[in-house]
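A short write-up of the structure that comes next.
Where a number appears in this text, it was derived from the coordinates with a stated rule and is not lab data. Treat the numbers as computed from the prediction; the structure is a model and nothing was measured. Please note: Cβ atoms are built from the backbone with ideal geometry, for glycine as well, and neighbour counts cover all protein chains shown.
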């Protein structure tokens, strides 16, 4: 069935947008970005926890900016009102709500992991739930815009990548794609701010539990591992790779820092590595390649849709150290989702996203 926009034309249009899960951190960031988007209008602030409560009572920063009340997660009704639906929800919910009728009426950008992993058994193993709509997995496009831009355009279901995965994949992709490293030696050390765990009340995320501390978690079991392996595998030979991925929780609000290690193949030098990053990223608005010897910092991307990437080579061990930093709530979630919306709706890809990083 041909998709028909609920608004006409492509010049000066207003894309009608609904958000399921608007009161989580990613959902609130979607609201913040879309309020500044000249081509988007939010028509539905969905939230199971705060139905009929004013959105600005949930998020005081939206006082006098958003007068709407929170609504439920009736995607069937929402799909009749919106051109695009963002689902910023826990794993499993989007898969339980999406239907063919809904997809025939609107586009969906899903910020959960429900459609990211192509193998259903792998998804069910790592997430511990049964997939409710596996019939849409093959159709879903993995929404890493810098790599899958052409596939994203015109798609009706986007699997918005995770925060750790976005930073890990972007940091390593040129090295894997150009076969400059031994892919069996990839080790990814990643660190995240506390907002990555979501807004739900958890003892492990209380101030006294997190402040003045750093800890590894999900060691050998983190759910983003198969996503990283699958996507880097597509860049290599189409087969999922095996990587060691270890995330850490650090006492800051926002940010992802990835430090990845791999053995260089024989004969590969610094110039070839630099050329590979230039080849894939030199024209990318939201990837900033740092000068030689400069390391990414989360403070330099906070509040923005940018990913800063740098690398160094250790001549003693013949390893490359690839480094990336991004804001987990923006490029790692909501910003990337808006970037995907812009692509699938034929808008300027950067619209609503050209915010400079906040400092301090």
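The table below gives the values:
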{"read-out": "Theoretical FRET efficiency, 1/(1+(r/R0)^6), r = Cβ-Cβ of residue 182 and residue 101, R0 35 Å, to 0.05", "value": "0.15"}
{"read-out": "Helix 163-177 axis, angle to the chain major axis (alpha carbon atoms, nearest 10°)", "value": "50 degrees"}
{"read-out": "Packing rank of 90-96, 148-154, where each peptide gets the mean count of other beta carbons within 10 Å, highest leading", "value": "90-96, 148-154"}
{"read-out": "Near-label residues of segment 20-47 by backbone N, under 14 Å of a point 7 Å along Cα→Cβ of residue 69", "value": "45-47"}
{"read-out": "Average Cα contact separation per residue, segment 179-275, under 8 Å, 6 or more apart, as relative contact order %", "value": "52 percent"}
{"read-out": "For segment 201-360: relative contact order, % (alpha-carbon pairs under 8 angstrom, 6 or more apart)", "value": "20 percent"}
{"read-out": "Percent of Cα-Cα distances greater than 20 Å, calculated over segment 164-327", "value": "50 percent"}
{"read-out": "Using a Förster distance of 56 Å, the FRET efficiency for residue 246-residue 41 (Cβ separation, nearest 0.05)", "value": "0.85"}
{"read-out": "GNM result for the chain, Cα springs below 10 Å: residue of 174, 161, 315 fluctuating most strongly", "value": "315"}
{"read-out": "Pairwise label distance in nanometres, residue 118 with residue 263, each label 7 Å out on the Cα-Cβ vector", "value": "2.8 nm"}
{"read-out": "Ellipticity estimate at 222 nm from DSSP helix runs (n ≥ 4, -39,500 (n - 2.57)) divided over the chain, nearest 500", "value": "-7500 deg cm²/dmol"}
{"read-out": "Theoretical gain in end-to-end length, residue 270 to residue 132 [0.36 nm per residue, Cα-Cα removed]", "value": "45.0 nm"}
{"read-out": "Largest-first ellipsoid semi-axes for the chain, taking √(5λ) over the Cα gyration tensor eigenvalues, angstrom", "value": "33, 22, 20"}
{"read-out": "Cβ-derived FRET efficiency at R0 22 Å, residue 209 paired with residue 253, nearest 0.05", "value": "0.90"}
{"read-out": "Full-extension gain in nm, residue 312 to residue 201, via 0.36 nm per residue minus C-alpha separation", "value": "36.0 nm"}
{"read-out": "Using alpha-carbon coordinates, inclination of helix 335-344 to the longest axis of the chain, degrees", "value": "70 degrees"}
{"read-out": "Between helix 25-35 and the chain: long-axis angle, C-alpha atoms, 0 to 90°, nearest 10", "value": "70 degrees"}
{"read-out": "For the chain, built as a Gaussian network whose Cα springs stay under 10 Å, the top-fluctuating residue of 253, 244, 74", "value": "74"}
